[in-house]
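Here the structure is laid out as structure tokens; the discussion comes afterwards.
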Amino acid sequence: MTNRKFALRNVRVFDGRQVGEPTTVVIDGSVIGSDAAGAEVVDAGGAVLAPGFIDAHVHLDNVETLDVYAAHGVTTAFDMGSLSAELVAAQRDRIGTASMRSAGLPIVGSADAHANVPGIEDVPAVRGPEDAEAAVALRLAAGADYIKILFEAGDDGLDPAIMKAVVVAAHDHRVQVVVHATSPEAYTISVDAAADVLTHVPLGLRLSESVIGRIAVERTVVVPTLTMMEGCAESLGYGGMFKASLQNVGALHASGVPVLAGSDANETPGVPFHPAHGASLHHELELLVQAGLSTVDALNAATVLPARHFGLTDRGTIAPGLRADLVLLDGDPVADIRATRAIRGIWCGGVPMDPVGN
């Protein structure tokens, strides 16, 4: 796997607002270039070129999982909690595949609701606010890119005072805090604690206008993981509850809350549903459109917005000097979001990859 210089001729670029007229985009090594001299010319025949997709909530199970994401056009994955520091380290800085960021070990309370997940009992519990700084420092020393809190309002685990202390400690270190929140109460407590990102969306319960308003004012980011919530509802026999999840996402978006695409893809034992790695991101985009986002907004939820809100300034859009994470599509995803599945070509950091099925 090597970087070469390509001139993708006759491509229509998705620029975050629309699909433009045919043009030429240069891939020069690992970045998007501006000079086509000496490049290998590839005629795209009017295909659409989009930034590589970003899945803002996954759980990476092994090193090869990144290759699965790459083959589905997902060139960056945000791991939202791993119990293996060795696995996280092995996935970092791989060339010619999807790249990743990780929270490392999640922050858990003494009796966390995720106790059914094998290995979670071995994660050192944060038993009081006085433990927050040490817990955050431990994860950052291990290479965490952000802090993930597992929280369920009303359980016997992490209480609001601990959450606030963790957020303060993380912000002192200039890193963001992501909170697992699946109920309106958990949303309220997380916003009270000044968490940066809420992941998941309530199932079967509507968020109040006041809570949504606060989230919007605070510019808290939401990764609703609709694919996961839909799967949980169906696996538990409560398929009708998913309607509220869609309504919540539509209301959040309509209020100006940044909504990011995240599938919660995983193969974790003890979890009620296992979205497929890579493929689920495309279903997530379709569900975001079903929830009321435009196709443009859904595409931005998987490109420029996660890059922006997680501080990845080198990707998320197509411009000279940025990382050459690119997906070539046979259809127009602005006209039909399902076109994100029609992948003709993929580049991860300038390295061409074969799409799934090829």
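The values are calculated or read from the model by the stated rules, or taken from the named source; none is laboratory data. For clarity, every value in this text was computed on a predicted model and none was experimentally measured. Counting neighbours? That spans all protein chains shown, and the Cβs are built from the backbone with ideal geometry, glycine included. The accessibility values were calculated without ligands, DNA or RNA, using every heavy atom of the protein model including side chains. Shrake-Rupley method; radii C 1.70, N 1.55, O 1.52, S 1.80 Å.
Annotation: amide H of Leu198 within the under-5 Å range of Val179, Val221, Val222, Val223, sequence separation 5 or more or interchain, hydrogens built in the peptide plane.
Summed over the residues of the stretch 249-334 and divided among them, the accessible surface reaches 31 Å² per residue at a probe radius of 1.4 Å. The residues Val31, Val175, Val168, sorted by heavy-atom accessible surface at 1.4 Å with ligands and nucleic acids left out, run Val168, Val31, Val175 from largest to smallest. Please report, as a whole percent, how much of the solvent-accessible surface of the chain comes from carbon and sulfur atoms (probe radius 1.4 Å). Carbon and sulfur atoms account for 52 percent of the accessible area of the chain. Put Lys164, Lys148, Lys243 in order of accessible area, highest first, and with a 1.4 Å probe you get Lys243, Lys164, Lys148. Taken about its Cα centre, the chain carries a charge dipole of about 900 debye when Lys and Arg each add +1 at the Cβ and Asp and Glu each add -1 at the Cβ. Using only side-chain charges placed at the Cβ, +1 for Lys and Arg and -1 for Asp and Glu, the dipole size of the stretch 282-358 relative to its Cα centre rounds to 180 debye. The lysines within cross-link reach of Lys164, meaning a Cα-to-Cα straight distance under 27 Å and a gap of 8 or more places when in the same chain, are Lys148. Amide H contacts of His57 (H built 1.01 Å from N, in plane; Pro and chain starts excluded): Phe78, Ser263, Asp264 sit under 5 Å, all sequence-distant by 5 or more or on other chains.
Taking amide H as placed 1.01 Å from N in the peptide plane, Lys148 has its amide H under 5 Å from the amide H of Ile107, Val178, each at least 5 places away in sequence or on another chain. Across the chain, Cα pairs under 8 Å and at least six residues apart give a relative contact order of 21 percent. Taking every DSSP beta bridge that has both ends in the chain, the antiparallel portion is near 45%.
Pick out, from Gly109, Ala298, Val167, the residue whose Cα sits farthest towards the positive end of the charge dipole of the chain, with +1 on the Cβ of Lys and Arg and -1 on the Cβ of Asp and Glu. Of Gly109, Ala298, Val167, it is Ala298. May I ask which residue of Leu60, Pro22, Gly33 lies farthest towards the positive end of the charge dipole of the stretch 1-65, with charges of +1 (Lys, Arg) and -1 (Asp, Glu) on Cβ and the Cα centre as origin? Sorting the options by dipole projection puts first Pro22.
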